[in-house]
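Engineer: The structure is given below, and queries will be raised subsequently.
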Amino acid sequence: MNFEFVTASRIIFGPGTVCQAGVLAWSVGRIPLIVTGRSTARAEPVRAALREKGLDGPVFPVGGEPTTDTVARAVEAARQNHCDMVIGVGGGSVMDAAKAAAAMLTNPGDILDYLEIAGRGRPLAQPSLPVIAVPTTAGTGSEVTRNAVLTSPELRIKVSLRSPYLLPHIALIDPELMMSMTPEVTAATGLDALSQLIEPFVSNKANAMADAFCREGLRRISRSLPRVCQNGDDEEARESMALAALMGGLALAAAGLGAVHGFASPIGGLFHAPHGAVCARLLPAVMSVNIQALKDRDVGSGALARYEEVARLLTGESRAAARDGIEWIERTVHALGIPPLAQSGLASSDFPVIIERAAAASSMRGNPIELRPAEMREILTRAL
């Protein structure tokens, strides 16, 4: 068993921990660039904690999924204000923008020099500015991962900036900051977390380190996601989802992802669709096609037994079969109102370019079996 596990230097979790933001920031710098989502008000608890230590800095809002242009503007704002650290307060898009900006503040050249696929793929040469990641959604786990997903508007593709230097210096996870999430955002981000717990568990890079995170995370999501979508004020469910999302980030750091995220990247680059919703529609289709492909071509694969275990963890039934787990996900996706991908503009005429790009995606390398073009097309057809 060979694996590598790298994550944030320090993880602080728990309700009320946001009050530590000022002390933590003081330990790494004096002038932060504060990267937020569209609503800068959600960063106010962090800014209040910073002001208690006499710290403050420019606020840079990210209105949607970050682009290469977004990062360039964030870098310019940080340089103009002589920032010596970056604090990201928001969802996965904010985390990714914050991490990418911190990297480009210490590395020369254009961001395209370092991007996978769309860029030149050069490794980052210098450590990033210190990043403090404060998530306000329970989904991507980006606060503990070493990549940042960005969109190239010119190429209409989502690609990764990837390096150990992107790992946040501190991940500060306070579930109380997630209490104001709408049911729609709660559902989409929660289903993204679900996919990031299933994919590492069945990955061809699965290992004991990731397994522990996946098993506990799946138990928590199965009992907490429906509850928190029905009642956003459920503090226990919010805390459980925050922890599950963190565990998903830790799991993918140790074991990678699979076809769900392999497809989600090109789809997200071509269409304005929330990442979590895209993953949710793809997940049961990918599971079904993967299982059949394994039965056809690799019946001895341990991933088949792992899909059975996923079903038991999600349903709580000791005799559940893999199909029961898929049906649990399908029912949950339907109950939470996640729309088919066709509502985002995806059509069968888009399949060839999506399949070509998905086949080249780094996430696809972790899928438990190499998918054939016809199988990839079937996944897209089912998710449409």
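Engineer: Taking the Cα centre of the chain as origin and charging only Cβ (+1 Lys, Arg; -1 Asp, Glu), how large is the dipole, in debye to the nearest 20? Could you put the intermediate results ahead of the total?
Structural biologist: Values: 36 positive and 39 negative charges, 72 e Å.
Using Cβ point charges on Lys, Arg, Asp and Glu, the chain gives about 340 debye.
Engineer: Lys295 to Ala335: FRET efficiency via 1/(1 + (r/R0)^6), r the Cβ-Cβ distance, R0 30 Å, to the nearest 0.05?
Structural biologist: Values: r = 29 Å, r/R0 = 0.96.
The pair Lys295/Ala335 has a calculated efficiency of 0.55.
Engineer: Count the lysine pairs in the chain whose Cα atoms lie under 24 Å apart, taking only pairs 8 or more positions apart in sequence or on different chains.
Structural biologist: Details: Lys53/Lys99; Lys99/Lys158; Lys158/Lys205; Lys205/Lys295.
Taking the Cα cut-off of 24 Å, the pair count is 4.
Engineer: Something else: So how tilted is helix 373-383 from the main axis of the chain? Cα-based, degrees 0 to 90, rounded to 10.
Structural biologist: 70 degrees
Engineer: At a Förster distance of 45 Å, what's the computed FRET efficiency of Asn231 paired with Glu52, Cβ-Cβ distance as r, to 0.05? Can you show the working numbers first?
Structural biologist: Working: r = 32 Å, r/R0 = 0.72.
The computed FRET efficiency comes out at 0.90.
Engineer: Moving on to the next point. With unit charges on the beta carbon (Lys/Arg positive, Asp/Glu negative), name the residue among Tyr165, Leu314, Thr182 whose Cα is farthest towards the positive pole of the charge dipole of the chain.
Structural biologist: Projecting each Cα onto the dipole axis, the largest value belongs to Tyr165.
Engineer: Okay, next question. Can you list the HN-Hα couplings for segment 195-206, worked out from phi with the Karplus curve (6.51, -1.76, 1.60; θ = phi - 60°), rounded to whole Hz and with x for Gly and Pro?
Structural biologist: Result, rounded to whole Hz: 5, 7, 9, 6, 4, x, 5, 9, 4, 6, 10, 4.
Engineer: Can I ask one more? Using amide H atoms built in the peptide plane, which far-off residues or other-chain residues are under 5 Å from Thr67 H to H?
Structural biologist: Hits under the 5 Å cutoff: Thr151.
Engineer: From the Cα gyration tensor of segment 165-222, with a ≥ b ≥ c the square roots of its eigenvalues, which class applies: rounded if a/c is under 1.5, or else prolate if a/b is larger than b/c, or else oblate? Please report the intermediate quantities before stating the final value.
Structural biologist: Working: a/c = 2.14, a/b = 1.34, b/c = 1.59.
Because a/c hits 1.5 or more and a/b fails to exceed b/c, segment 165-222 counts as oblate.
Engineer: Continuing with this model, one more query. Considering the values [x] 199; [y] 188; [z] 120, which represents volume of the Cα convex hull per residue in Å³ as calculated for the structure under consideration?
Structural biologist: Read-out taken from this structure: [z].
Engineer: Report ³J(HN,Hα) in whole Hz for each residue of segment 287-295, in order, from the Karplus equation J = 6.51 cos²θ - 1.76 cosθ + 1.60 where θ = phi - 60°; Gly and Pro get x.
Structural biologist: Coupling constants for segment 287-295: 4, 4, 5, 4, 4, 5, 5, 5, 5 Hz.
Engineer: Placing unit charges on C-beta atoms (Lys and Arg positive, Asp and Glu negative, everything else neutral), compute the dipole magnitude of segment 10-177 about its Cα centre in debye, rounded to 20. Before the final figure, lay out each step's value.
Structural biologist: Working: 16 positive and 15 negative charges, 32 e Å.
It works out to roughly 160 debye.
Engineer: Moving on to the next point. By average Cβ neighbour count within 10 Å, what is the ranking of 245-257, 366-378 from highest down? Walk me through the numbers on the way to the answer.
Structural biologist: On the way: 245-257: 27.2, 366-378: 18.3.
The densest-packed peptide leads the list: 245-257, 366-378.
Engineer: Sticking with this one: Could you sort 197-206, 179-188, 295-304, 163-172 so that the peptide with the highest average Cβ count within 10 Å comes first and the rest follow in order? Don't jump to the answer; show the numbers that get you there.
Structural biologist: On the way: 197-206: 25.3, 179-188: 18.4, 295-304: 13.1, 163-172: 22.5.
Ranked by mean Cβ neighbours within 10 Å, highest first: 197-206, 163-172, 179-188, 295-304.
Engineer: Another one. Pop the C-beta distance of Glu317 and Arg382 into the FRET formula with R0 = 25 Å and round what comes out to the nearest 0.05.
Structural biologist: Details: r = 24 Å, r/R0 = 0.97.
FRET efficiency, Glu317 to Arg382: 0.55.
Engineer: Modelled label-to-label distance, Gln20 and Ala41, 7 Å Cα→beta-carbon offset: nm?
Structural biologist: It is 2.8 nm.
Engineer: Another question about this same structure. With θ set to phi - 60°, apply the Karplus curve 6.51 cos²θ - 1.76 cosθ + 1.60 along segment 159-175 and write out the HN-Hα couplings as whole Hz, x wherever there is a Gly or Pro.
Structural biologist: The phi angles translate into 9, 10, 9, 9, 5, x, 5, 7, 4, x, 5, 9, 10, 10, 10, 10, x Hz.
Engineer: Of the options Gly109, Ser93, Leu33, report the single residue whose Cα projects farthest towards the positive end of the charge dipole of segment 10-177 (beta-carbon charges: Lys, Arg +1; Asp, Glu -1).
Structural biologist: Selected residue: Gly109.
Engineer: What residues qualify as long-range amide H neighbours of Ser301, i.e. H under 5 Å apart, gap of 5 or more or another chain, H built at 1.01 Å from N?
Structural biologist: For Ser301, whose amide H was placed from the backbone, there are no distant partners under 5 Å.
Engineer: Here is a further query. Classify segment 60-170: rounded, prolate or oblate, from the alpha-carbon gyration tensor (a ≥ b ≥ c, eigenvalue square roots; a/c under 1.5 rounded; otherwise prolate if a/b is larger than b/c)? It would help to have the intermediate numbers written out before the result.
Structural biologist: Working: a/c = 1.30, a/b = 1.11, b/c = 1.16.
Rounded, since a/c falls under 1.5.
Engineer: Multiplying the sequence separation of Arg365 and Arg120 by 0.36 nm and subtracting their Cα-Cα distance, what value in nm do you get?
Structural biologist: On the way: separation 245, 0.36 × 245 = 88.20 nm, distance 1.99 nm.
Separation in residues times 0.36 nm, less the Cα-Cα distance, equals 86.2 nm.
Engineer: What 222 nm value per residue comes from the helices of the chain, counting each DSSP H run with n ≥ 4 as -39,500 (n - 2.57) and dividing by all residues, nearest 500 deg cm²/dmol?
Structural biologist: Numbers: 13 runs with 189 residues, N = 384.
Helices in the chain give a 222 nm mean residue ellipticity of -16000 deg cm²/dmol.
Engineer: How far is helix 351-360 tilted, in degrees, relative to the longest principal axis of the Cα atoms in the chain, given as a value from 0 to 90 rounded to the nearest 10?
Structural biologist: The answer is roughly 70 degrees.
Computed from the coordinates by the stated procedures, all read-outs in this text should not be read as laboratory data. Computed from a prediction, not measured in an experiment: that's the story for all the values here. Counting neighbours? That spans all protein chains shown, and the Cβs are built from the backbone with ideal geometry, glycine included.
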